[in-house]
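**Q** For reference, the structure I am asking about is given below.
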Amino acid sequence: MEPRLLEKYRREIIPELQKKLGRTNILSLPRLKKIVINMGVGEAITEKKYLDEALDALTLIAGQKAVVTRGKKSIAGFKLREGMPIGCKVTLRGKRMFEFLDRLISIALPRVRDFRGLNPDAFDGRGNYSLGLTEQMVFPELNPDKYSRSQGMNVCLVFQSRSDDESRECLRMLGMPFRTE
């Protein structure tokens, strides 16, 4: 079965973007290529179980197995050696990507405490959007009794587009709750 957001994208958003941007070629329109969810677990250096907890949580949230990220170089101040496990990440594409985005927009973001909308300027200049969540418990898949500590995460939405404005418009049409001044 096709995810709800993917169906909306194909039926409503593509024709609307074509009108708005004045293009007939669908491949020239901005589109979401992948979503990368990353959890940095600095405490994993001293306590191995924190990394296992984060891996388990990220796997549940994404619906796909998370991979361990390792330190690229040694930093004495952080007691970090090259190759040490320091976090985990998941790269979502296709149907899973749209399912995750739908859950993020409709379920997780409204559950964030004191949520007033996302920053509409958090684009990188190439059309990619990044946001940070301070708490993993906004996702209903996680059982709060199972996780001893709160863990944040970074979510990066990678677009194939010409500019930040095109990606912003595409996200707005998908239902991303941007802050309005």
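**Q** Touching a Lys or Arg at 6+ places or on another chain (Cβ under 7 Å) and not in a helix (DSSP H, G or I): is that true of Lys34 in this structure?
**A** Answer is yes for this residue.
**Q** Scanning for something modelled with pLDDT under 90 and either over 28 Å from Arg126 (Cβ atoms) or exposed (fewer than 15 other Cβ atoms within 10 Å of the Cβ) (or both), does the stretch 84-93 turn up at least one residue? Reasoning before the result, please.
**A** Step one: filter the stretch 84-93 for residues modelled with pLDDT under 90, giving 84-87.
Okay, now just the ones that are also either over 28 Å from Arg126 (Cβ atoms) or exposed (fewer than 15 other Cβ atoms within 10 Å of the Cβ) (or both), so 84-85.
Yes: the stretch 84-93 contains one or more residues that are modelled with pLDDT under 90 and either over 28 Å from Arg126 (Cβ atoms) or exposed (fewer than 15 other Cβ atoms within 10 Å of the Cβ) (or both).
**Q** Consider Ser130 against the criteria (1) more than 16 Å from Asn38 (Cβ to Cβ); (2) polar (S, T, N, Q); (3) part of a strand (DSSP E or B): it satisfies all of them except one. Which criterion is unmet?
**A** (1)
**Q** Something else: Scanning for something closer than 19 Å to Ile35 by Cα, under 11 Å from the mean Cα position of the chain (by Cα) and at pLDDT below 90, does the stretch 134-150 turn up at least one residue?
**A** So far as the stretch 134-150 goes, no, none of its residues is closer than 19 Å to Ile35 by Cα, under 11 Å from the mean Cα position of the chain (by Cα) and at pLDDT below 90.
**Q** Can you list residue pairs whose Cβ atoms sit under 7 Å apart, with the first residue in the stretch 27-40 being at pLDDT below 95 and the second being crowded, with 17+ Cβ neighbours inside 10 Å and part of a loop (DSSP other than H, G, I, E, B)? Count only pairs 6 or more apart in sequence or on different chains.
**A** Pairs found: Pro30/Gly127; Pro30/Ser161; Met39/Gln151.
**Q** Then there is this: Could you check how many residues of the stretch 151-181 are buried (at least 20 other Cβ atoms within 10 Å of the Cβ), more than 16 Å from the chain's Cα centre (by Cα) and either under 27 Å from Leu55 (Cβ atoms) or among the hydroxyl-bearing types (Ser, Thr, Tyr) (or both)?
**A** 1
**Q** Restricting to the stretch 62-84, name every residue that is more than 17 Å from Ser130 (Cβ to Cβ) and under 21 Å from the mean Cα position of the chain (by Cα).
**A** Scanning the stretch 62-84 gives Gly63, Gln64, Lys65, Ala66, Val67, Val68, Arg70.
**Q** Here are some conditions: (1) buried (at least 17 other Cβ atoms within 10 Å of the Cβ); (2) in contact with a Gly (Cβ under 7 Å, 6 or more places away or on another chain); (3) among the β-branched types (Val, Ile, Thr); (4) over 22 Å from Leu6 (Cα atoms). Ile105 meets all but one. Which one does it not meet?
**A** Unmet for Ile105, out of (1) buried (at least 17 other Cβ atoms within 10 Å of the Cβ); (2) in contact with a Gly (Cβ under 7 Å, 6 or more places away or on another chain); (3) among the β-branched types (Val, Ile, Thr); (4) over 22 Å from Leu6 (Cα atoms): (4).
**Q** Moving on. Right, Phe100: at pLDDT 90 or above, surrounded by 15 or more Cβ atoms within 10 Å (Cβ to Cβ) and not in a strand (DSSP E or B) or not? Can you show your working first?
**A** Working: at pLDDT 90 or above: yes; surrounded by 15 or more Cβ atoms within 10 Å (Cβ to Cβ): yes; not in a strand (DSSP E or B): yes.
Answer is yes for this residue.
**Q** Does the stretch 111-131 hold any residues that are exposed (fewer than 12 other Cβ atoms within 10 Å of the Cβ) and without any contact (Cβ under 8 Å) to a residue 24 or more places away in the chain, and which are they?
**A** Arg113, Asp114, Asp121
**Q** Between Gly71, Gly42, Gly22, Gly77, which is at positive phi and not acidic (Asp, Glu)?
**A** Within the list Gly71, Gly42, Gly22, Gly77, the selection yields Gly22.
**Q** Which of the residues belonging to the stretch 12-53 are under 30 Å from Phe78 (Cα atoms) and hydrophobic (A, V, I, L, M, F, W, C)? Spell out how you get there, then give the answer.
**A** Just the residues of the stretch 12-53 that are under 30 Å from Phe78 (Cα atoms), to begin with: 35-53.
Correct list: Ile35, Val36, Ile37, Met39, Val41, Ala44, Ile45, Leu51.
**Q** List every residue pair whose Cβ atoms sit under 9 Å apart, with the two residues 6 or more apart in sequence or on different chains, where the first one lies in the stretch 53-77 and is without any contact (Cβ under 8 Å) to a residue 24 or more places away in the chain and part of a strand (DSSP E or B) and the second, anywhere, is surrounded by fewer than 16 Cβ atoms within 10 Å (Cβ to Cβ) and of a type in the set (Lys, Arg).
**A** What qualifies is Ile75/Arg81.
The values are calculated or read from the model by the stated rules, or taken from the named source; none is laboratory data. For clarity, every value in this text was computed on a predicted model and none was experimentally measured. With ideal geometry, Cβ positions are generated from the backbone for all residues, glycine too; neighbour counts draw on all protein chains shown.
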